[in-house]
1. Could you grab the pairs with beta carbons closer than 9 Å, sequence gap of 6+ or different chains, first residue in the range 109-134 and over 18 Å from Met19 (Cβ atoms) and modelled with pLDDT of 85 or more, second one acidic (Asp, Glu) and exposed (fewer than 10 other Cβ atoms within 10 Å of the Cβ)?
2. Quick one: which of Glu71, Glu102 is modelled with pLDDT of 90 or more and either touching a strand residue (DSSP E or B) at 6+ places or on another chain (Cβ under 6 Å) or part of a helix (DSSP H, G or I) (or both)?
3. Run down Arg34, Arg50 and say which single residue is charged (D, E, K, R), out of contact with any Cys (no Cβ under 8 Å at 6 or more places or on another chain) and within 18 Å of Thr74 (Cβ to Cβ).
4. Give the range 1-34 a look and list any residue that's farther than 30 Å from Ala80 by Cα, part of a loop (DSSP other than H, G, I, E, B) and modelled with pLDDT of 85 or more, or say none.
Amino acid sequence: MAKYGPHRTYKVHQIKWNMNPKDYIFDHGDEKARTNMIDYFRTAYGVKIRATTQPLFEIRQKRQNIYLPPELCTLVGIPAKTRENKRVMADIRQSLFQKPPERISSIKALNRMIAGSKEVKEWNLEINLEPDTIEARVLKRPQIYQPAATHPSQPPGPPAARPLEDTKILGTIVHQPVGFRKWAIFCLEKDVAHGEYLNDRFYELSEERRFDIYVDYGDIVELSNKAGIEAFKEAIDDYYLKYVCGKDAKTGR
């Protein structure tokens, strides 16, 4: 979306790396006066383009393509007209939710495009076309265990596992509400206000909407703003030992 004038929304088709506001000269107005982009925006909209050598966005239109400086644009959501186009939305979803082999193929294609660009060659840069590899293992898919269905006169059988991806599973399991009576929010000093808000909302929802679940106010464990992951792990372990297990955090007794 343009950040000047009527704030129109455009679809960017490509970035023109070989164009910039300083050198791009075009005709405008009824008299077809020739001017560069910097002077045009200063005169027409009172806007100053600061980065004079930035590349330009190309917007393709039926009559004539137009070009805009990224400095005067901002990224917005998908326009309503685009959302109504099922084919375009299907292409967008396909590009966003790619499987790992497709994602790697896209990354390689992007690397090739960048490596072959004029700027990379001028700057004498080397782009590795192959992504880095690491050793890893694929975890088993999560499963939900539920008692096997048996006749009322027979004892329940061993729990049967069902894959979590089974979309009907949540509709077949009876959920038993469990009250929240001892829980905690671990946060940095600067986020205590957000923790208190979350506390209030949990309590209000449990009281007002009658979820048959009682949610008591949780403890707020405040850590230094400089605390890292290890500090959070240590705080959670100490809290668990002291308030859940009833043990001393130092001695473990």
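The values are calculated or read from the model by the stated rules, or taken from the named source; none is laboratory data. These figures come from a predicted structure and were not determined experimentally. As a convention, Cβ positions derive from the backbone with ideal geometry for all residues, glycine included, and neighbour counts pool all protein chains shown.
1. Note: pairs meeting the criteria are Asn111/Glu130; Ala115/Glu126.
2. Glu71
3. Of Arg34, Arg50, the one residue that is charged (D, E, K, R), out of contact with any Cys (no Cβ under 8 Å at 6 or more places or on another chain) and within 18 Å of Thr74 (Cβ to Cβ) is Arg50.
4. Within the range 1-34, Asn18, Met19, Asn20, Pro21, Lys22, Asp23, Tyr24 meet the criteria.
Residue by residue, here is whether (1) over 29 Å from the mean Cα position of the chain (by Cα); (2) at pLDDT 85 or above; (3) not aliphatic (A, V, I, L, M) holds:
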residue	(1), (2), (3)
Leu139	no, no, no
Arg181	yes, no, yes
Phe186	no, yes, yes
Val192	no, yes, no
